Structures are given as structure tokens and as C-alpha cells.
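I have placed the structure first, in the form of C-alpha cells, so that the comments after it can refer back to it.
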Amino acid sequence: MDKIPQHVAFIMDGNGRWAKKRFLPRVAGHVKGVSALKKIVDHCDAIGIKNVTVFAFGRENWNRPQSEVSFLMKLMLKKLNKELGELNSKKAQIHFIGDRTRINHEFAKCIEHAEQLTANNTGIIFNICVDYSGECDIIQAVNRIIQDKLELPVTEQIFAKYLLTSHSPNPELVIRTSGESRISNFMLWQLAYSEIYFCQTLWPDFTPIELNKALEWYNNRERRFGKISEQL
Ligand code: IPE
Ligand code: IPE
Ligand code: MG
């Protein structure tokens with residue numbers, strides 16, 4: 001593969017349907033989904049993808065039954081505690097992206113600890129979006145720009161520095177699993193020119209082989225950025 005993107009973002013969708021197909025409770029799909037994620041992050045690291053962002057819990061996901069929300073929160077906390085040592089030893093730099101005010105105190109503390117521990121790491125940048133909304137990301141940037149009384153006009157470059165993902169370049173490739181073709185309020189600004197790969201595979205079944213297929217597809221894309229095709 002010639003081109004390895006610098007940043008790949010994942011909309012990890014289809015956990016519930018994966019479980020339903022097996023007559024299991026939805027949450028069993030989330031457990032399996034977290035295992036799939038670990039293999040994907042390891043693979044990204046191994047092949048030199050420098051930034052990985054995953055949509056783990058969206059702002060709209062608070063609308064799910066309380067039992068599922070609380071299971072998801074506990075699962076994320078448990079997995080973070082379990083994987084932190086290994087991620088740190090692999091020099092991953094962890095960032096949680098989203099609103100921190102509504103998640104529980106213990107999880108918020110653990111997030112803070114993970115970020116501080118890995119802040120100076122020089123390996124893969126691993127962004128985990130929790131209580132994230134692309135609209136809120138833009139609005140919080142606007143509000144902070146106003147607070148900072150920036151000189152006008154504010155350029156795209158300055159604006160991007162105020163987004164929650166300012167430490168990573170915009171993703172060249174976004175992958176959404178499970179056959180849904182929408183963005184669901186994910187990184188609205190940052191996806192301006194991303195290649196978007198939709199696949200039928202449900203997230204718990206998404207493997208490094210599937211990721212390689214997406215990367216092959218990406219390698220065959222001609223990214224024109226408004227110019228005329230070189231093939232014409
Ligand atoms: C994605 O899987 C995980 C989260 C949104 C937290 P879903 O839970 O949305 O699975 P489906 O779409 O119902 O199959
Ligand atoms: C998007 O998945 C959010 C995450 C993957 C965390 P959803 O399953 O919640 O999105 P919709 O409801 O299908 O748009
Ligand atoms: Mg879904």
C-alpha cells in the first residue's frame with residue numbers, strides 16, 4: 001500500500017445488531033466491540049497510522065435506555081483501567097474528546113489520569129470520543145474564541161485550533177461499519193474532505209483484514225480537492 005493515512009476515524013456501529021443476530025442481549029455486542037477495537041488500534045499502530053479516533057459514545061446516545069448507558073460507561077471505565085498500562089508502554093498518547101461534565105466522577109478521574117500519564121508519549125495518538133457531538137465541538141470553539149476576544153477575522157486555521165481535535169490533523173479516512181450511510185453528528189468540521197468508507201460488517205466483526213480492505217479502497221481514491229482529475 002502506497003498511502004497510509006495519517007489519521008483514520010471510526011464510527012463503530014452495529015454492536016446491538018451483532019448481539020441480536022446471536023439472540024444475545026445488546027450489551028454483549030458492546031463487550032465484543034471493545035475486543036474488536038483493541039485489535040484495530042494495535043493494527044493501526046503496527047502499520048504506521050499515527051492518529052486513530054473512535055466514536056465510542058455520542059451525545060445522542062444518552063437517549064438510550066439508562067441500563068444500556070450505564071453498562072457502556074462501566075465497560076469503558078473497566079477497559080480503560082485494563083488497557084492503560086499496555087497502551088502507555090506502547091507510547092500511545094490518549095485523548096478523550098467530548099463533554100466531561102455529564103459522565104460520572106470515577107470515569108472522569110480515570111480519563112484525567114490516562115491523559116496525564118500518556119501526555120508526553122510519542123507513539124500513536126488515540127482519540128476516544130465520549131459524549132461527543134460535532135455540533136457541540138463547533139459551538140464550544142465559537143464560545144472560546146469569543147471569550148478569548150480574538151482579533152477578527154478568525155480564519156479556518158485559527159478556528160481549527162479551538163476544536164477538541166486540534167492536536168490531530170483532519171482524518172483522511174473515516175470508516176463506518178454496519179451499513180448505515182450517515183455521519184451521526186461526528187466531527188462535522190474535521191470531515192470536510194475525508195474519504196468516507198461505509199461497509200456492511202458489524203463493528204464486532206470488523207478485523208484488521210477488513211481494515212486493510214478499507215485502506216486498499218482508500219489507496220484507489222483520487223483525492224482531487226476541487227481540481228480536475230489527472231486521469232482525464
Ligand atoms: C455502536 O453500536 C455502539 C454505540 C453507539 C455505543 P450500536 O449500539 O449503535 O449498535 P446497533 O446500531 O444498534 O446495531
Ligand atoms: C453513532 O452510532 C454513534 C457511535 C458509534 C458512538 P448510533 O448507532 O448511535 O447512530 P444512529 O442512531 O444510527 O445515527
Ligand atoms: Mg447504531
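Things to note:
- Helix-only CD estimate at 222 nm, as mean residue ellipticity for the chain, using -39500 (n - 2.57) per DSSP H run (n ≥ 4): -14000 deg cm²/dmol
- Residue with peak Gaussian network fluctuation, the chain [Cα springs, cutoff 10 Å], from Phe96, Phe107, Phe126: Phe107
- Here the contact order of the range 1-83, divided by its residue count and restricted to Cα pairs under 8 Å and six or more residues apart, works out to 35 percent.
- Between the range 13-70 and the range 121-181, the C-alpha centres lie 21 angstrom from each other.
- For the range 14-72, the convex hull drawn through the C-alpha positions has a volume of 89 cubic angstrom per residue.
- Stretch in the chain that is longest and holds no trypsin sites (Lys or Arg not before Pro) that DSSP places in a loop and that have at most 13 other beta carbons within 10 Å: 23-90
- Mean-square fluctuations from a GNM of the chain, with a 10 angstrom spring cutoff on Cα atoms, peak among Leu191, Leu80, Leu24 at Leu24.
- Radius of gyration and maximum dimension Dmax of the chain, Cα, Å: 17.9, 58
- Loop-resident sites, the range 176-232, for GluC sites (Glu not before Pro), counting at most 16 other Cβ within 10 Å (DSSP): Glu180, Glu222, Glu230
- Working note: Karplus 6.51/-1.76/1.60 with θ = phi - 60° gives the range 216-228 the couplings 5, 4, 4, 5, 8, 7, 9, 8, 9, 6, x, 7, 7 Hz, where Gly and Pro are set to x.
Coordinate-derived values only; no laboratory data. Just so you know, these numbers come straight off a predicted model, no measurement behind them. No Cβ is skipped: glycine too gets one built from the backbone with ideal geometry, and neighbour counts run over all protein chains shown.
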